[in-house]
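Quick note: the coordinates plus some simple rules give every number you see, no bench work behind them. Just so it is clear, the structure is predicted and the values come from calculations on it, not from any experiment. All Cβ positions, even for glycine, are placed from backbone atoms using ideal geometry, and neighbour counts span all protein chains on display.
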Amino acid sequence: MRSISFDEYLKIQDTARTIDVRTASEVKTLLKFNWAENIYVDDLIRNFKTYFPDKNQLIVTVCNAGNRSGQAAQFLQENGYQNAYVLTGGIYNYFRNKK
């Protein structure tokens, strides 16, 4: 699975489609990116062709620490989305470094 670092993400954040793969309740109660779309990982895997019709689109998956988003990015890569990445360390790492 390909990952993207905090510094790399800052450079492409405005052009990438950021997907938060956590549950809706996690997104409501925990740290989040206001610009990210929330698509729960299981739903993403079941309906990826609907959510991502363009296989060339730049996609960055995120979650708390990178586990579920890593699963989502790996799945997308295995299904032909070569521009799918996981944010290293997840949302927590992003806010830790953003200071």
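Among residues of region 31-57 that are among the small types (Gly, Ala, Ser), those with a beta-carbon under 8 Å from a residue that is surrounded by 11 or more Cβ atoms within 10 Å (Cβ to Cβ) at least six positions away or on a different chain give the pairs Ala36/Thr18; Ala36/Ile19; Ala36/Asp20; Ala36/Val62. The listed residues are Tyr9, Tyr40, and the only one of them that is under 13 Å from the mean Cα position of the chain (by Cα), farther than 20 Å from Asn97 by Cβ and among the hydroxyl-bearing types (Ser, Thr, Tyr) turns out to be Tyr40.
When the residues of region 44-73 are filtered to those that are in contact with a Ser or Thr (Cβ under 9 Å, 6 or more places away or on another chain) and not hydrophobic (A, V, I, L, M, F, W, C), the one that is surrounded by the most Cβ atoms within 10 Å (Cβ to Cβ) is Thr61. Contact annotation: residue pairs with Cβ atoms under 8 Å, 6 or more positions apart or on different chains, pairing a residue in region 60-72 that is farther than 14 Å from Arg2 by Cα with a partner that is part of a strand (DSSP E or B), are Cys63/Asp20. Just one of the listed residues (Phe48, Phe33) is outside any loop (DSSP other than H, G, I, E, B) and of a type in the set (Phe, Trp, Tyr), and it is Phe48. Scanning region 1-17 for residues that are in a strand (DSSP E or B) and in contact (Cβ under 8 Å) with a residue 60 or more places away in the chain yields Ser3, Ile4. The set of residues in region 55-88 that are part of a loop (DSSP other than H, G, I, E, B) and among the aromatic types (Phe, Trp, Tyr) contains only Tyr81. On the basis of being closer than 18 Å to Arg96 by Cα, of a type in the set (Asp, Glu) and without any contact (Cβ under 8 Å) to a residue 24 or more places away in the chain, does Glu78 make the cut? No; evaluated as a whole, the condition is false for this residue.
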